[in-house]
Amino acid sequence: MHVAVQAIAGVILLTAVASPIHAQDLESPPSVPPVQTTVEVRPPTPPPPPPEPEKRPSFRERWNLAAELSYTDQTGNKTLRLLTGGFKWAHRDRQRFDLDGSVQSRYGQSEGEVVARNYYGTLNFSPWKQGRIVPTFSMKAERDPFKRLDLRFLGSAGAKLTPYRKEGGQGELSIFLMSSYEFQNLRITDPDDDTDEFTHVPRWTMEVRGTQRINSSVTAHLQSSYEPAWDYLADYLLRSQTGMKVVLTEQLALSLEYQFNRTNRPPEGVAPDDRLFKTGIIIDF
């Protein structure tokens, strides 16, 4: 009996010990660490800065300006003073278009008497510089009382052909074929002179212009034009300029040039030909 009581007490004790352990296993599952979600808050991105305005080239960066001056002073058996001046300009951005012009003046005295007075100007424009064949426009004006010219104005329009062009401005050759119209006002001093005071003459213009850089300091240039009347080819104007520019410093150069001008049917009392050889100084701005 005592043994049975001890056995029952042992079973009860084991049951009592096992029940809390089993209950703990059922009621307390293994802990799982909580999942933490982190949201990063960034400050708003500032808008990009506005683009900087494109810097416009200055006047000197857009235009090439040059002045030319020569002076001759001769004394002794004959006194002669001759002053020649000129001003040239050209647009530097020749990738887009070609625009240039010039003004020349010549004044001379001999024995106290004026023996030379001439003014000559040109303006040339050609769009689409890089084209092989492009339209072109030009204007020329001249005044010379010794040729009895109060004013000669010539406007031209046509085509420009460039068969040779070297990169970097090393050389270029252009041929111009244009139709022109001339307005001429002559000085009439003799009432018996039957020369027309004011004339209009349509002309053809054939012109060649070329430049070639010989080396880093020397550049040769040529410009020749032949302008006959539409209905009478013997009535023509011929003008040729051949010269050389020798660079001395960054802004100073020596100029040598020979000019030949011919009016094949000049007014009465005027010689048809004019020749001029000059040396001078060129100042580049």
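Of the numbered conditions (1) farther than 30 Å from SER217 by Cα; (2) surrounded by fewer than 14 Cβ atoms within 10 Å (Cβ to Cβ), PHE153 satisfies every one except a single condition; which is it?
(2)
Just the residues that are closer than 14 Å to ARG96 by Cα and either over 21 Å from the mean Cα position of the chain (by Cα) or not in a strand (DSSP E or B) (or both), please, taken from segment 123-158.
TRP128, LYS129, GLN130, GLY131, ARG132
Any residue in segment 52-66 that is at pLDDT 75 or above and out of contact with any Lys or Arg (no Cβ under 7 Å at 6 or more places or on another chain)?
Checking segment 52-66: at least one residue is at pLDDT 75 or above and out of contact with any Lys or Arg (no Cβ under 7 Å at 6 or more places or on another chain).
Just the residues that are in a strand (DSSP E or B) and surrounded by fewer than 16 Cβ atoms within 10 Å (Cβ to Cβ), please, taken from segment 245-275.
Hits for segment 245-275 are VAL246, LEU252, LEU254, LEU256, TYR258, PHE260, ASP273, ARG275.
Say whether the condition of being farther than 26 Å from GLY168 by Cα and crowded, with 16+ Cβ neighbours inside 10 Å is met by at least one residue in segment 217-224.
No, segment 217-224 contains no residue that is farther than 26 Å from GLY168 by Cα and crowded, with 16+ Cβ neighbours inside 10 Å.
How about segment 85-117: which of its residues are in contact with a Lys or Arg (Cβ under 6 Å, 6 or more places away or on another chain) and closer than 17 Å to PRO145 by Cβ?
Those that are in contact with a Lys or Arg (Cβ under 6 Å, 6 or more places away or on another chain) and closer than 17 Å to PRO145 by Cβ: TYR107, GLN109, ALA116.
Can you work out which of the residues in segment 196-236 that are among the charged types (D, E, K, R) and not in a strand (DSSP E or B) is nearest to the chain's Cα centre (by Cα)?
Only one residue fits best here, namely ASP235.
The values are calculated or read from the model by the stated rules, or taken from the named source; none is laboratory data. Keep in mind that this is a model prediction, so the values were computed, not measured. Using ideal geometry, Cβ is built from the backbone for each residue, glycine included, and neighbour counts are taken over all protein chains shown.
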